[in-house]
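So the structure is just underneath, and the comments pick up after that.
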Ligand code: PGA
């Protein structure tokens, strides 16, 4: 192992975590041949194969599993070391590791702006992924803080709400329902519906709403991003239910409109979450307090409230 490098271990850890060379390459901004080469060299240093390919699936060998556990321990220790050093240096420099669900990307970068201006020495590493994969990261304790709308009930976590995250029904502005008032929920189940992908928190919330009412949606399309869904709505493919934050940058000429449906908007919240008992670095603690104390004000100053007030929505 003396010939193995930290870089090779990082590459290996990402491949093992994603179970995929392609996704590891994407995460690390490397090409796939580079990732394969790094893993090959590491495997040579270990003296045993680390992965085996069966059909299209990738499996860790026994040696691979041992090395993966070792890597996780090693990187946790290194992160602790970085935290101690950042604490010793005070807030002058260090990295804030945030992991946020896809929909939160409409809010968090805008909140980070004033924070980073206040603390110019702080770099931010922002992971954006769907609900399911952010929960995986939380279980593995990969980041400092996690932002989501549905904190897990089955994990021991500390949870604080900091901002409203209402769900609204979106349609093309010329949709026949656009001018109706107090539309019954049942009416929505007759419309072609565009749904977020499995694993999305928005999808879970929408599914639960209709299940609770004993209604079935006519899902025409499953799409993996809020932006694609907005384009599909604008293309007249159907209606959808998304966070109002997805409209943050829509102007008065947006092709989208919010339908007036009974029981809507559905009130949800953004929560900042971390494993219970985790010792937050001074940087993470500062951002945590900033979110709780100023998050709402900063989000409102720069968001959809302006659009709402302009009349179209
Ligand atoms: P999503 O989560 O981006 O995975 O849909 C958002 C949410 O839970 O509100």
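Every number in this text was worked out from the coordinates using simple rules, so none of it is lab data. In this text the structure is predicted, and so the values were computed from the model without any measurement. Cβ coordinates were reconstructed from backbone atoms using ideal geometry, including for glycine residues, and neighbour counts include every protein chain displayed.
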- [ ] Would you compute the Debye intensity of segment 125-187 from its alpha-carbon atoms alone, equal scatterers and no solvent, and pass along log10 I(q)/I(0) at q = 0.14, 0.19, 0.25 Å⁻¹ to two decimals?
- [x] -0.63, -0.80, -1.14
- [ ] Two decimals is fine: what is log10 I(q)/I(0) at q = 0.17, 0.18 Å⁻¹ for segment 167-258, from a Debye sum with one equal scatterer on every Cα and no solvent?
- [x] -0.68, -0.77
- [ ] Based solely on C-alpha atoms, express the radius of gyration and the Dmax of segment 81-138 in angstrom.
- [x] 13.0, 35
- [ ] Restricting things to alpha carbons, tell me how big the chain is in terms of Rg and Dmax, in Å.
- [x] 22.3, 70
Task: Angle between the chain longest axis and helix 62-89 axis [Cα atoms, degrees, rounded to 10] - done: 80
Open item on the list: Given a 10 angstrom Cα cut-off, can you work out which residue in 274, 59, 68 is the most mobile in a GNM of the chain?
Closed with: 59
TODO: With no solvent and one equal point scatterer placed on each C-alpha of segment 223-300, evaluate the Debye formula and give log10 I(q)/I(0) for q = 0.18, 0.27 Å⁻¹, two decimals.
DONE: -0.91, -1.35
- [ ] Take every Cα pair under 8 Å in the chain that's 6+ residues apart, average their separations, divide by the length, and report that relative contact order as a whole percent.
- [x] 21
Task: GNM flexibility winner over the chain from 193, 288, 29 (Cα, springs under 10 Å) - done: 29
Task: R0 of 45 Å, Cβ-Cβ distance residue 1-residue 297: FRET efficiency to nearest 0.05 - done: 0.30
Task: Rg(Cα)/(2.2 N^0.38 Å) for segment 6-70, N = residue count - done: 0.98
TODO: Give the Rg (one decimal place) followed by the Dmax (whole number) of segment 84-181, computed from C-alpha coordinates and expressed in Å.
DONE: 17.7, 61
TODO: Mind telling me which of 97, 187, 203 comes out most flexible in a GNM of the chain, alpha-carbon contacts under 10 Å?
DONE: 187
Task: Convex hull volume of segment 1-121 per residue (C-alpha atoms, cubic angstrom) - done: 135
Task: Angle between the chain longest axis and helix 108-118 axis [Cα atoms, degrees, rounded to 10] - done: 60
- [ ] Kindly express, to the nearest 10 degrees and within the range 0 to 90, the angle between helix 201-212's C-alpha long axis and the longest C-alpha principal axis of the chain.
- [x] 50
